[in-house]
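The values are calculated or read from the model by the stated rules, or taken from the named source; none is laboratory data. The shown structure was predicted, so the numbers you read here are calculated from the model rather than taken from an experiment. Note that each Cβ is placed from the backbone with ideal geometry, even for glycine, and that neighbours are counted across all protein chains shown. Please note that ligands, DNA and RNA were not included when accessible areas were found on the heavy atoms of the full protein model with its side chains. Shrake-Rupley method; radii C 1.70, N 1.55, O 1.52, S 1.80 Å.
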Amino acid sequence: SPDGSRLVFSTTYHDTYYGLPCTGGLVVVDPEMRQTNVLSTARCGMSPAWAPTGDAIAFSRCCEPRDAPPQLYLVTLDGSPAVPLFIPGVLWADAPSWSPDGKRIAFECIVTPMIRSVCIVNRDGTHPVRLTIDDAGATYPTWSPDGNWLAFTRHEATTRIAHIMLLNLQDGSVTRLTTGWDAAWSRDGK
């Protein structure tokens, strides 16, 4: 949670190779009280991301219905049903990351078949924008604490090398930072 008092994780397991059904979902833990809360409305939830406002968790869900592509959902802790974000033009969505103000979500998307990109969308699923458009795959977006940058992983198709990239949200410029994948920002963004 934004205040650091709870954490959320996924217990989802799905094996399409052997045709096993999806099991698990999202679990919220209060480590100090040693209490767990299984979010029954987030069955098969993966890649949870807590909103900085503390009122919702964004996640992707696969295998609902069986063999459907992952999409983004929002769930609250009050037991309400998870709300799907029907994002126009997006065929597949995963790995959500909230903007610091909680108004937008960055995520992995497939708009053009077989090419993973980075997209952003408003919290309610409106105004989707595809930020990366090339043949290299773009995954694991994460928002800087000041909201001006997105770090993401760019997968070079020919060399199979992954790079950490920085996307300036003010002017759209992209800079290669280093070799690696799945970046995380320090609390001060430096």
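Details
- Count of the range 1-13 residues which are in a strand (DSSP E or B) and either exposed (fewer than 15 other Cβ atoms within 10 Å of the Cβ) or among the aromatic types (Phe, Trp, Tyr) (or both): 3
- Among the candidates Ala58, Ala82, the residue that is among the hydrophobic types (A, V, I, L, M, F, W, C), in contact (Cβ under 8 Å) with a residue 40 or more places away in the chain, touching a strand residue (DSSP E or B) at 6+ places or on another chain (Cβ under 7 Å) and closer than 25 Å to Ala183 by Cα is uniquely Ala58.
- Every residue from the range 142-177 that is of a type in the set (S, T, N, Q) and open to solvent by 70 Å² or more (accessible area, probe 1.4 Å): Thr158, Thr159, Gln170, Thr175
- Qualifying positions in the range 36-73 - among the acidic types (Asp, Glu), at pLDDT below 90 and farther than 11 Å from Thr12 by Cβ: Asp67
- Any hit, the range 152-174, residues being of a type in the set (Asp, Glu), within 19 Å of Thr53 (Cβ to Cβ) and either in contact with a Leu (Cβ under 7 Å, 6 or more places away or on another chain) or in contact (Cβ under 8 Å) with a residue 12 or more places away in the chain (or both): no
- Search result, residues across the range 157-190 that are under 28 Å from Asp3 (Cα atoms) and part of a loop (DSSP other than H, G, I, E, B): Leu169, Trp181, Asp182, Ala183, Ala184, Trp185, Ser186, Arg187, Asp188, Gly189, Lys190
- Within the range 74-115, being at pLDDT 95 or above, touching a Lys or Arg at 6+ places or on another chain (Cβ under 7 Å) and part of a strand (DSSP E or B) holds for Arg104, Ile105.
- Residues in the range 18-49 that are part of a strand (DSSP E or B) and open to solvent by less than 20 Å² (accessible area, probe 1.4 Å): Cys22, Gly25, Leu26, Val27, Val28, Leu39, Ala42, Gly45, Ala49.
- Residue list for the range 116-132, restricted to those being without any contact (Cβ under 8 Å) to a residue 12 or more places away in the chain and either in a strand (DSSP E or B) or hydroxyl-bearing (Ser, Thr, Tyr) (or both): Thr126, Val129
- Filter pass, Asp94 being acidic (Asp, Glu), closer than 30 Å to Asn37 by Cβ and open to solvent by less than 80 Å² (accessible area, probe 1.4 Å): yes
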